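Just below is one structure, and these are the notes that go with it.
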């Protein structure tokens, strides 16, 4: 049996499941909002085991052959301190904070047990630090963009004298929601007006050399194999700084791409160093003909690479999970050609 | 500094016809008509080393060549690069996890279908897209019994054809809100032609048609209206039939067929399972008839974006051109 941890609205999960069904492979899909009942988690000198209740079935660790961590978390210990108990509200808050830590620890342990199986993705190790990844990439001889992190506008001014800058999150993308409006942070170019607005000091922020892009690369990685896609975001002013400002009328050209072998070797070493057996790598190919590494996302939107490039990544993932040979050599059992 | 090679974006694919050609943009879903000489250059000399190509052409053609490449660049069909080896062509392999991807279910006043059983079987086969065609008036109660069986299934889109009925029409318009799987609702035999809701305005289009569609013989129309320009259908059309591949149909009488318009029945739905039929080799035989094999279509520039029809063919030949197609690729004109 294969266990998939994901979210309810993830369409890529459905497409991978279609292939698991075609391969006649039993699976359990756990969405992060599905309540997981901790019936028993046990360990002794003979080993570890668990039995988790999910709706009307029980999942035992011993029955699991493969695990795919797509995204989300195991929704265990949903109970908080009973509302009726008459305690000091400050104390209730402290107790609930403690319970939350207990929950995270248990989630991490269950995630670890799942990842001891034949696993794609890792629910604990996926928490990678983007700045550390940049450090690892640089150490492996992969070009990175020059950056500075500072809380002083004087430093930003100085850096801006040298080259144009962009600013983006140190950790990554934020999404906020208030009054039914969604707010997100995009990568933005830095200019004098913006610096004036910030005042002389502010929250420590990341400033990065604005790369002169020829095109961008989104590279999906799956256990030793790279699936690169080039994104021509520079033809359109709307998408030239951040291609996530999608132009739906005239979407950026996206095409399959071939990476230089030398670069592939270095990226392979990087993925092993992090370590990740799957992820989406973002790079830029500059007007100076250089490949510049930006980041790796352990949880990637691989559908946006798979479909336009016809890479059949959903099938490749299902084959990985069922330990089948790569696609062209292994047809599903009822295929007709 | 001008780069050396002109390269088509991999999603822009030239298709040569007898008198003229297309560049099909399978990403943005559009195409451009181009002369055959340009299609020749784009297929035989791709990536295009333009100065080398010019050297093979008389000087008076150079301006035209430049115009061609400017046209393609301006419309974002291609770009200039010094590294064409980094930009491979799209792999046009077709893969599907479903043994049946699409199905047709016909209904008239004598039909006695067990919808739950049919949908269960389609679900098992992995069917994604279902077309239900009702030639006779259906009351809302019957429709709820039918459509209520479709929630929580792998069938993700349903096109519903209904006969217009004055008494029920407002209830018909409510159906898309109740059944999220509906993507198209067409009412035939309507008082007038009218778009009630376009596919941009909601997840389901609602259209009234004056034409009476009272049986399966109305199918098989070939027209630019039915062109389908996307990568899955383009790649499928390279290898398989662009109408019948992985299709199964249950006609109004319950006969299991490739298509309700085709005479051959592979058994009755009450006696045979859809799976048993799908496993028969002769059922799958027409799946492999590509447009490259069909008479006339094989010379047509629209062959990979057009639908097909094997139900009504010229001279009723197996490889005959669809009878309801009025395009002549040898003149480049629609009749």
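Set side by side, the residues B:175, B:130, B:160, B:150 differ, and just one is away from chain A (no Cβ under 14 Å), touching a strand residue (DSSP E or B) at 6+ places or on another chain (Cβ under 7 Å), at pLDDT below 95 and surrounded by 17 or more Cβ atoms within 10 Å (Cβ to Cβ), which is B:150.
Counting the residues of the stretch A:222-237 that are assigned to a strand (DSSP E or B) and more than 21 Å from residue A:315 (Cα to Cα) gives 3. Restricting A:121, A:172 to those that are at positive phi and in contact with a helix residue (DSSP H, G or I) (Cβ under 7 Å, 6 or more places away or on another chain) reduces the list to A:172. If you go through the stretch B:104-116 one residue at a time, do you hit one that is within 28 Å of residue A:307 (Cα to Cα), within 14 Å of another protein chain (Cβ to nearest Cβ), surrounded by 14 or more Cβ atoms within 10 Å (Cβ to Cβ) and at pLDDT 95 or above? Within the stretch B:104-116, not a single residue is within 28 Å of residue A:307 (Cα to Cα), within 14 Å of another protein chain (Cβ to nearest Cβ), surrounded by 14 or more Cβ atoms within 10 Å (Cβ to Cβ) and at pLDDT 95 or above. Can you find even one residue in the stretch A:174-181 that is in contact with a strand residue (DSSP E or B) (Cβ under 9 Å, 6 or more places away or on another chain) and within 28 Å of residue A:271 (Cα to Cα)? Yes, that holds for at least one residue.
Checking each residue in the stretch B:25-45 for being within 14 Å of chain A (Cβ to nearest Cβ) and touching a residue at least 40 places away in the same chain (Cβ under 8 Å) picks out B:25, B:26, B:27, B:29, B:30.
Can you tell me which of B:269, B:256, B:248, B:213 is within 22 Å of residue B:113 (Cβ to Cβ) and within 17 Å of the chain's Cα centre (by Cα)? Just a single option satisfies the conditions, and that option is B:248. Comparison of B:48, B:12 shows that the only residue that is within 14 Å of chain A (Cβ to nearest Cβ) and in contact with a strand residue (DSSP E or B) (Cβ under 6 Å, 6 or more places away or on another chain) is B:12. Which residues, taken from the stretch B:254-303, are away from every other protein chain (no Cβ under 14 Å), under 25 Å from residue B:25 (Cβ atoms) and surrounded by 19 or more Cβ atoms within 10 Å (Cβ to Cβ)? Answer for the stretch B:254-303, where residues must be away from every other protein chain (no Cβ under 14 Å), under 25 Å from residue B:25 (Cβ atoms) and surrounded by 19 or more Cβ atoms within 10 Å (Cβ to Cβ): B:291, B:294, B:296, B:297, B:300, B:301, B:302, B:303. Criterion applied to A:175, A:179, A:185, A:191 was being in contact (Cβ under 8 Å) with a residue 12 or more places away in the chain, more than 30 Å from residue A:323 (Cβ to Cβ) and surrounded by fewer than 18 Cβ atoms within 10 Å (Cβ to Cβ), and the one residue passing it is A:185.
The values are calculated or read from the model by the stated rules, or taken from the named source; none is laboratory data. Since the model is a prediction, treat every value here as computed from it, not as a measurement. Backbone-built Cβ (ideal geometry, glycine too); neighbour counts: all protein chains shown.
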